[in-house]
1. Given B:Lys202/B:Lys259; B:Lys45/B:Lys248; A:Lys49/A:Lys120; B:Lys20/C:Lys260; B:Lys80/C:Lys45; B:Lys2/B:Lys207, which pairs have Cα atoms separated by over 22 Å?
2. Give me the percent relative contact order of the range A:4-118, please, defined on Cα pairs under 8 angstrom at least 6 residues apart.
3. Please give the average number of partner chain Cβ atoms lying within 10 Å of the Cβ of each residue in B:196-206, rounded to a whole number.
4. Using only C-alpha positions, report the orientation-averaged shadow area of the convex hull of chain A, nm², one decimal.
5. List the equivalent ellipsoid semi-axes of the range C:59-144 in whole Å, largest first, each obtained as the square root of 5λ for an eigenvalue λ of the Cα gyration tensor.
6. In what order, largest first, do B:His105, C:His8 sit by accessible area if the probe radius is 1.4 Å?
7. Out of B:Phe203, C:Val43, C:Leu336, whose Cα points farthest toward the positive end of the dipole of the protein assembly as shown (charges: +1 Lys, Arg; -1 Asp, Glu; placed on Cβ)?
8. When the Cα centres of the range C:210-256 and the range B:77-102 are compared, how far apart do they sit, in Å?
Amino acid sequence: MYTEKVMDHFTNPRNVGELKEANGVGEVGNAKCGDIMRIYLQVEDNIIKDVKFKTFGCGAAIATSSMVTEMVKGKSLEEALKISNQAVAEALDGLPPAKMHCSNLAADALHEAIKDYINKKEGK
Amino acid sequence: MKRIYFDHSATTPVDEEVAKLMLEYMTEKFGNPSSIHSFGREVHKAVDEARNHVAALIGANANEIFFTSGGTEADNLALKGVALANRKKGNHIITTAIEHHAILHTCEYLEKQGFSITYLPVDEHARVKIEDVRNAVTDQTILISVMFANNEVGTIQPITEISEIAKEKGIYFHTDAVQAVGNYPIDVKELNLDLLTLSGHKFHGPKGVGALYVRRGVRIESVQQGGGQERSIRPGTENVPGIIGLGKAAEIAKRDMEKKIAHITALRDKLTTGIRERISDIKLNGHPTIRMPGNVNFSFSYVEGESLLLNLDLKGIAASSGSACTSGSLDPSHVLLAMGLTHEVAHGSLRISLGRGNTAEDIDYCLTVLPEIIERLRSMSPLSST
Amino acid sequence: MKRIYFDHSATTPVDEEVAKLMLEYMTEKFGNPSSIHSFGREVHKAVDEARNHVAALIGANANEIFFTSGGTEADNLALKGVALANRKKGNHIITTAIEHHAILHTCEYLEKQGFSITYLPVDEHARVKIEDVRNAVTDQTILISVMFANNEVGTIQPITEISEIAKEKGIYFHTDAVQAVGNYPIDVKELNLDLLTLSGHKFHGPKGVGALYVRRGVRIESVQQGGGQERSIRPGTENVPGIIGLGKAAEIAKRDMEKKIAHITALRDKLTTGIRERISDIKLNGHPTIRMPGNVNFSFSYVEGESLLLNLDLKGIAASSGSACTSGSLDPSHVLLAMGLTHEVAHGSLRISLGRGNTAEDIDYCLTVLPEIIERLRSMSPLSST
Ligand SMILES: Cc1ncc(COP(=O)(O)O)c(C=O)c1O
Ligand SMILES: Cc1ncc(COP(=O)(O)O)c(C=O)c1O
Ligand code: FES
Ligand code: FES
């Protein structure tokens, strides 16, 4: 059902938890359909210095969350914004078709977190 | 790694003795029961004996048993067969919101054919209310179909009381007893049932074979057309090894019923108590006492069912969940929702269904592994405060 | 007493290798393919592999194969499923007078639902005439269903030509190939077929499992309602051991096809010649050359089929007949009557259907026993002058 990479990220999820010093937080999904992903960013000089996530959801939801945190760490915001849900799924060697729309939201959560960071910064 | 099977409501392993007998009816006694030569006659006789065993398990007469390709087909035959044969009497059918899809989707089909269906609600424990049944009856009602025991939460319905209403009003009563037959004592004559569905693979018989009990005198039409098999009610070359296997499984189930229920109930209570002691923020789904011996169903707050199942699977434990993500649909189990659970709680449900092969060690192992997994998943969950 | 099985068109013994594999999927690998845990996943994979084997046997893609409970169900699904899904396009279906009851009785059902059916006649050899097919087509025609090979007389139909007409007119074409698949080379792409029925127990697979091939793009509705199995076209827990067995039988059939046909054809010709040499006043039923390798069908004047079968059975030989008395109906075989045989001649028919396990010795034995029996029965018959 799931690829080896998905199972690897599912069993040993990277960067789980919260970031006390987060200056950008994004959340997508709702419990009605099953997935909630929250991404915490710590951005310094336009670079994502640290990232953590918390996810309520299926194997795919957890694996995509974990994968996206690995993909963005150390990247500039511009680079991070280019990461799509599709790219996350590809980095995991694919997801079952049924999961593509419903659980593959990690990049959306990341983008929400970046938006939150920018809004806060501009608000200041 | 040791593998523990805790998903007996989904399917069960075929009994060794059953499988051995089936093998014999595949390679040696392979005749077609419709043939008049000796190869056919010996098989015909064996099919009759299997019919006797299935009838005996539920207190029916052999000529009231019609073999089908499983529970789904038997449910289809019961509903469509009765609906079409009794259309002149009325077009109303009463069922419940928590039936298996074999019933619910057949009802939807019948709605398109002009039948009107009442889907009774259930209470928080998944029980139908007798008053609701009584109030739903109209002068158009020709059939009531209420499952014996629910496949997800194990709740057993007030079958005797519903049957009384049906008899009083002169309405046929069908029960989908797929989860119960072979795992719980049932006597169709005592319960005064008109039709009952059973399926082999839920009680150590083979997959792909089931039966519909049809009380003598019930008006029913065939749904499938073909040769004259099963007295033309269910045509098609008989699944002989399947039928022989079903018969043997029925014989064994009847013989071991009491012992099996005692064994499984003890394990269930040990597991239920153990989970309650070790894990907080949980909810037992289904009726606290009026439930199937082997069914344990809990919701764990802040946890999603599929990831719970996958984690258990990695530890060698096979269970199931009412989570949407395991069902391939967007919504979680219609049963849990009908019981009034919120989506979140329904998503976090775990069904452990025990079988005769499970042991106290299996339970102990589960009680070690499960709390750790729940804790880890909760620590990852944005819903949990920990 | 030695028993010789000459009734392979009725059913065949399950291959030992097939049966052994099925056993494994009953007792060890017993999971439900819908389950997401390891017990379910290993079975899901095996079902997929079986689907590949069945597809390969007939040149289809795996996603064009839908498993059913047998040939009868697949025939029902093909006809009703296409009829209901294409009702808006038209209400006319063309079939033949010599189809199996799984087709004929389904057509009668559809007639009650408002469809109009043309039953094409056949010639003295049980072949449909191409012009008849062409002339039967109307602008209401949505489906042509013509069997590949007849189960009683073995005649093979002009499938390629009928398929061409269907394509030309934009009509779906289904063939009931229950007798042929696994026993005769068939390629659905070469023949340009839209739907094809096959059944496991006719080629050393298990009873109670079959498949419908549905070309990608064909509009079809499910006939049975339930869960999402077989992409909702055929819901119900999969008959896993049956499907695994069907897959293995398909693999073996493909591998051994040429060898098997050569062996069986040689035996058939020996038997046919032998009977002609030894017994007079006989008639070969079916086409002299365009017929199934294993089918031998003779009518013996002045002799009734059932007594012939019983006499053969007493000598250890299992065969079948188109006699009314063996069918449980008052009329003899509708196939023989459609071919223009008189009732008397039809009553005296004997079908010997050979299989891969038969030997030249079996034929020799039959050629010793059969003439004696015919002679004895004729000496008892008031119809005979001897
Ligand atoms: C309550 C209930 N009804 C019907 C069915 C369908 O039976 P089968 O799996 O034999 O098609 C099942 C099991 O899947 C069930 O649990
Ligand atoms: C030509 C033909 N069609 C359909 C069937 C029915 O298939 P099954 O026996 O698998 O129901 C048979 C065999 O009985 C047959 O010979
Ligand atoms: S949580 Fe439902 S599909 Fe992922
Ligand atoms: S000859 Fe006796 S039943 Fe036909």
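1. Check vs 22 Å cut-off fails for B:Lys20/C:Lys260; B:Lys80/C:Lys45; B:Lys2/B:Lys207.
2. Relative contact order comes out at 33 percent.
3. 2
4. 7.1
5. So the equivalent ellipsoid measures 21, 17, 14 Å along its semi-axes.
6. Sorted by accessible area, descending: B:His105, C:His8.
7. Result: B:Phe203, furthest along the dipole toward the positive end.
8. For the range C:210-256 versus the range B:77-102, the Cα centre distance is 27 Å.
The values are calculated or read from the model by the stated rules, or taken from the named source; none is laboratory data. Everything quoted here is computed from the prediction, not taken from an experiment. For neighbour counting, all protein chains shown are included, and Cβ atoms are generated from backbone atoms with ideal geometry for every residue, glycine included. Please note that ligands, DNA and RNA were not included when accessible areas were found on the heavy atoms of the full protein model with its side chains. Shrake-Rupley method; radii C 1.70, N 1.55, O 1.52, S 1.80 Å.
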